Amino acid sequence: MQTHAIRIHEYGGPEQMKWETIDLPEPAAGEIRIRHHAVGLNYIDVYHRTGLYPTPPLPCTLGLEAAGMVEAVGAGVSEFKAGDRVAYAQPPLGAYSEARNIAADRVARLPDAIDFEQGAAMMLQGMTAEYLLRRTYPVQAGDTILYHAAAGGVGLIIGQWAKALGATVIGTVGSEEKAELARAHGYDHTILYREENVVERVREITHGAGVPVVYDGVGKDTWLMSLDCLRPRGMMVSFGNASGKVPPVELGELTARGSLYLTRPTLMTYTADSAEMRDSAQALFDVVQTGQVRIEINQRYPLAEAAEAHRALESRTTTGSTVFTV
């Protein structure tokens, strides 16, 4: 059968993204075919488009996250059937498409109470929040934590989930409008990083102690600032590069700031095992269905206009989650 997809033939800017007709074979053994109803946009899609992160040989279809309905199953698949509602946020790339084949063990069943747009908007960002808060540095009641880019998709989920865990949550934002949005999603303190000294404000909020963990998806621009916000033996969690790659790290910087810990985790590592992936998805579904976390979809684009969505994401004009309608 034929379907449509957003593909790139060379790395570069949003203009490299093309809406094309592609051939889709029948699902192979162990695979299912999903008819997408909504597709998620994430900053990692930009890294794939530019070549910062590796992709399959070009031309390739972008995207890691979507939700939809199972249309067909390959040989040996017994856990899903045609008509099942599913969602995923896993390699291989290929989510920017009307339909695709994917290994059945990379997919989670989507609860009936969660619609397709929510499913597409929440899986990658929500499971990222899950592994950061529950497994990388397990946040405990009474902790004070710092998260950069609090008004973004992951940030809005982090604020609510961390608050539900009993933490005091500090977030950096670029404008008062974004600060207001962050405060409405669990952040106790917001810092306008363009106007305020982030380190001084964090020290003020923590009475000089610093925080036990910084979650930093910004990268180069916030690297040293993040280290300076940590208390002795605090953990620096560098999980993204929105402003560019972190430069080579001098380990002495960790020593000088009080025997700091540093980790560079990825969702793909934390969900490589199918059982762990589904446990992560279930934890996310639970906090959404109980109302502890609301998924904010603040931008919608037709999938064929994905390039426009990438331009908005890179210009930092988006808030919350963005989904493509299919």
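The values are calculated or read from the model by the stated rules, or taken from the named source; none is laboratory data. These figures come from a predicted structure and were not determined experimentally. Every residue, glycine among them, receives a Cβ derived from its backbone with ideal geometry; neighbour counts consider all protein chains shown.
Brief remarks on what is shown
- Candidates Val198, Val202, Val213, Val169 - the one that is more than 20 Å from Tyr43 (Cβ to Cβ), touching a Cys at 6+ places or on another chain (Cβ under 6 Å) and not assigned by TED's automatic domain parsing to the domain that holds Glu296: Val202
- Candidates in the range 52-67 are the residues that are in contact with a Leu (Cβ under 9 Å, 6 or more places away or on another chain) and closer than 20 Å to Phe116 by Cα; of these, the one that is surrounded by the most Cβ atoms within 10 Å (Cβ to Cβ) is Ala67.
- Selection status of Gly83, surrounded by 18 or more Cβ atoms within 10 Å (Cβ to Cβ) and either assigned by TED's automatic domain parsing to the domain that holds Ser280 or more than 26 Å from Tyr53 (Cβ to Cβ) (or both): no
- Candidates are the residues of the range 207-223 that are modelled with pLDDT under 95 and not basic (Lys, Arg); the one that is surrounded by the fewest Cβ atoms within 10 Å (Cβ to Cβ) is Asp221.
- Residues of the range 241-262 satisfying the condition of being of a type outside the set (Phe, Trp, Tyr), surrounded by 13 or more Cβ atoms within 10 Å (Cβ to Cβ) and on the phi < 0 side of the Ramachandran plot: Asn241, Ala242, Ser243, Val246, Val249, Glu253, Leu254, Arg257, Leu260, Leu262
- Residue count for the range 264-275 under the criterion of being among the β-branched types (Val, Ile, Thr) and either surrounded by 12 or more Cβ atoms within 10 Å (Cβ to Cβ) or touching a Cys at 6+ places or on another chain (Cβ under 6 Å) (or both): the result is 2.
- The residues of the range 135-187 that are touching a residue at least 40 places away in the same chain (Cβ under 8 Å), within 22 Å of Ala283 (Cα to Cα) and basic (Lys, Arg) amount to a single one, Arg135.
- Within the range 99-139, the only residue that satisfies the criterion of being under 30 Å from Val211 (Cα atoms) and either acidic (Asp, Glu) or in a strand (DSSP E or B) (or both) is Glu130.
- Output for the range 171-210, where each listed residue is over 20 Å from Arg294 (Cβ atoms) and under 20 Å from the mean Cα position of the chain (by Cα): Thr172, Gly174
- Some residue of the range 111-121 being surrounded by fewer than 24 Cβ atoms within 10 Å (Cβ to Cβ), within 12 Å of the chain's Cα centre (by Cα) and within 23 Å of Thr290 (Cβ to Cβ): no
- So Arg264, is it over 22 Å from Pro138 (Cα atoms) and basic (Lys, Arg): no
- The residues in the range 100-124 that are charged (D, E, K, R) and within 19 Å of Met268 (Cβ to Cβ) can be counted, and the count is 3.
- If you go through the range 239-296 and keep only what is small (Gly, Ala, Ser) and in a helix (DSSP H, G or I), you end up with Gly252, Ala256, Ser274, Ala275, Ser280, Ala281, Ala283.
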